[in-house]
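The values are calculated or read from the model by the stated rules, or taken from the named source; none is laboratory data. Keep in mind it's a predicted model, so treat the numbers as computed, not measured. For neighbour counting, all protein chains shown are included, and Cβ atoms are generated from backbone atoms with ideal geometry for every residue, glycine included.
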Amino acid sequence: MADTRPGAASRVIRWIDHRLPFVAMLQHELYEYPTPRNLSYWWNFGSLAGIMLVVMIVTGIFLAMQYTPHAEYAFDSVERIMRDVDYGWMLRYAHMNGASMFFAIVYIHLFRGLYYGSYKQPRELLWILGVIILILMIMTAFMGYVLPWGQMSYWAATVITNLFSAIPVIGQTIVTFLWGGFTVGNPTLNRFYALHYLLPFIIVAVVLLHLIALHRFGSNNPLGIDMKGPQDTLPFHPYFTIKDLFGLVVFLMVYSFFVFYAPNFLGSTENYIPANPMQTPNHIVPEWYLLPYYAILRSVPNKLLGVILAFGSIFLLFLVPWLDTSPVRSARFRPIYKWVFWLLVIDVIALGWVGFNPPEGLVVTVGQVATLYYFVHFLILFPLLGKLERPRPLPLSISSAVLQDGGAQLGRAGAPMANP
Amino acid sequence: MADLAHQNVTGAHPGETRRDFLILTATAIGGVGVAAAIWPFIGSLNPARDTLALSTTEVDLAPVQVGQRLTVAWRGKPVFIDHRTPEEIKTAGNVNVSDLRDPQPDSARVKKPEWLVIIGVCTHLGCIPLGQKTGDDRGPYGGWFCPCHGSIYDTSGRIRQGPAPLNLAVPPYEFTGDTTIKIG
């Protein structure tokens, strides 16, 4: 759509756009961009994740201006941020809880994709880019957690880097290389800080690819069927900009509750004790968003196999577009998968519970069953269900399913508003 | 062109006021929210409380002999303390104030004439003038000489020659005893 606003500003924009079609691109991707008219609130979490990424980068840059990446000073510099720097407590709590919020959003986003089959042809690469973002997020979160140099920071760094010692023959050499020394120490802290600053910008780059892939075919939708014409779509602005903004306001209320009223609820108090390389805390737990992987790691009695399965539980997600053999995207039309999906949700929550508790008695049993189910779900049930299940008939089109009169007269509503 | 005409018609339409009002108020409230969110980020760049806590320095003047100059740190900046000789006090007082670039009588720059306390940062571009150590070039007025761009200060720390616009500043200080001062 050509820019028709009168005046000098518009002439300047047209001059630039002719040479560098940036405004035209925004107009195309954020304004006219045809979006399925039936998106539910589960589709808010993508934009929320993007906003959280920006919040994390901005709070992170301001924290970096006050933080000292040195084993001797790191802990004190964080305490200085909390006590002496104006609003330092707020920036740090926003960053700390922001990480939790970011993961919560991304996990909901991921499970939404699993429920509605958003990874299926032609969105396989979109899904794979999402999994890459998740892996980069986990690396970034882990390295960020090491920076305050408290007891949990130190021992998390020790335990996680030691995962690589499970690799036969060269394992210990790799770990020494990761540390830059013979234990987790100042060189480790310095490189983690450098990488913790770098990785978010790589995430930004992958997010852009994720968006390019998304806009190639547009969003999936609760019905999981393709958009067939303007009667199935609404322009992104103002319909979904407003919907996303409303979701953002609701989300900010939850986020603010944690930042201002329960800032340490999601973290471990142990991390307010300075790192002590001579003393491991009695009970080590990772942050909640890593508990399921940690539970898988602990449930396997063999060191190498445990590490392989913990990493494998994430890498398995890359294969999901091909493991799921069902031609139907949305679980709404898959009478069995609709229920099996919730088994995975329960399974992951159970793994979280297992990871949080010391490995004794029932916890161990639940951990082993839940670990087994996780892999069975993806490797056996996914391919099998596609073959066994009889999907319910799909609606002819989005508009025929969601509009009273089948959208016969509403085609015109799909056109952009003249003056929103 | 058709779009342009259409916009003019709808823009003048009275039915548009309600939407305009909603957009305007929502944008205004959103703008206030964003400004409020930016505030703590900018605020965090202010000097922190531990930095502000370093803002007073106490100095014992008893060991400083007549004619001796002492440098102490206050807020990370050098403060020059000069135990002036009677001749130096006299030359500082015998200046025609109206001839100075930054007119100030010596009496306005000291609490006790024998003790000159000034911030040792040249008012031109922030270098530290010479003159504190024995053997330093003190310049033709017997005060201080800035090596960066050649500003020359007299025995009251007033600018006499060179590019600096102002006299060396006098920090806030008070005598807490006969020979002790608290700067800041």
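What number goes with the only condition from (1) part of a helix (DSSP H, G or I); (2) buried (at least 21 other Cβ atoms within 10 Å of the Cβ) that A:R80 does not pass?
The number of the failed condition is (2).
Regarding the range A:60-75, can at least one residue be identified that is in a loop (DSSP other than H, G, I, E, B), more than 24 Å from A:A262 (Cβ to Cβ), within 14 Å of chain B (Cβ to nearest Cβ) and among the aromatic types (F, W, Y)?
yes
Within the range B:60-91, which residues are β-branched (V, I, T), in contact with a strand residue (DSSP E or B) (Cβ under 8 Å, 6 or more places away or on another chain) and surrounded by 14 or more Cβ atoms within 10 Å (Cβ to Cβ)?
Listed by number, the residues that qualify are B:V64, B:V72, B:V79, B:I81, B:T91.
Among the listed residues A:F251, A:F257, A:F246, A:F265, which satisfies the condition of being surrounded by 17 or more Cβ atoms within 10 Å (Cβ to Cβ) and of a type in the set (F, W, Y)?
Going through A:F251, A:F257, A:F246, A:F265 in turn, the sole match is A:F251.
Which condition number in (1) within 24 Å of A:P230 (Cβ to Cβ); (2) within 14 Å of chain B (Cβ to nearest Cβ); (3) modelled with pLDDT of 95 or more is the one that A:E32 fails?
Here A:E32 meets the rest and fails (3).
Which pairs do you get when a residue that is at the interface with chain A (Cβ under 7 Å from one of its Cβ atoms), found in the range B:42-53, comes within reach of a residue that is in a helix (DSSP H, G or I) and surrounded by 11 or more Cβ atoms within 10 Å (Cβ to Cβ), reach meaning Cβ atoms under 6 angstrom, with the pair 6+ apart or on two chains?
From the range B:42-53, the pairs are B:S44/A:F62; B:S44/A:G88; B:S44/A:L91.
Of a type outside the set (F, W, Y) and outside any helix (DSSP H, G or I), is that true of A:V159?
No: the conditions fail for A:V159.
Looking for whichever is modelled with pLDDT under 95 and buried (at least 19 other Cβ atoms within 10 Å of the Cβ) here; the options are A:G407, A:G411, A:G367, A:G361. Which one fits?
So the residue among A:G407, A:G411, A:G367, A:G361 that is modelled with pLDDT under 95 and buried (at least 19 other Cβ atoms within 10 Å of the Cβ) is A:G407.
I need the full set of residues from the range B:116-137 which are in contact (Cβ under 8 Å) with a residue 60 or more places away in the chain, on the phi < 0 side of the Ramachandran plot and crowded, with 19+ Cβ neighbours inside 10 Å, in order please.
B:V117
Exactly one of (1) within 30 Å of A:P122 (Cα to Cα); (2) free of Cβ contacts under 8 Å to residues at least 24 places away in the same chain; (3) not acidic (D, E) is unmet by A:H377. Its number?
(2) is the only condition that A:H377 fails.
Within the range B:14-25, track down each residue that is more than 9 Å from every other protein chain (Cβ to nearest Cβ) and of a type outside the set (D, E).
Within the range B:14-25, B:P14, B:G15, B:T17, B:R18, B:F21, B:L22, B:L24, B:T25 meet the criteria.
Just for the range A:268-281: of the residues that are closer than 17 Å to A:H95 by Cα and in contact (Cβ under 8 Å) with a residue 40 or more places away in the chain, which one is surrounded by the most Cβ atoms within 10 Å (Cβ to Cβ)?
Taking the candidates together, the pick is A:N271.
Considering only the range A:83-137, how many residues are within 14 Å of chain B (Cβ to nearest Cβ) and part of a helix (DSSP H, G or I)?
Total meeting the criteria: 10.
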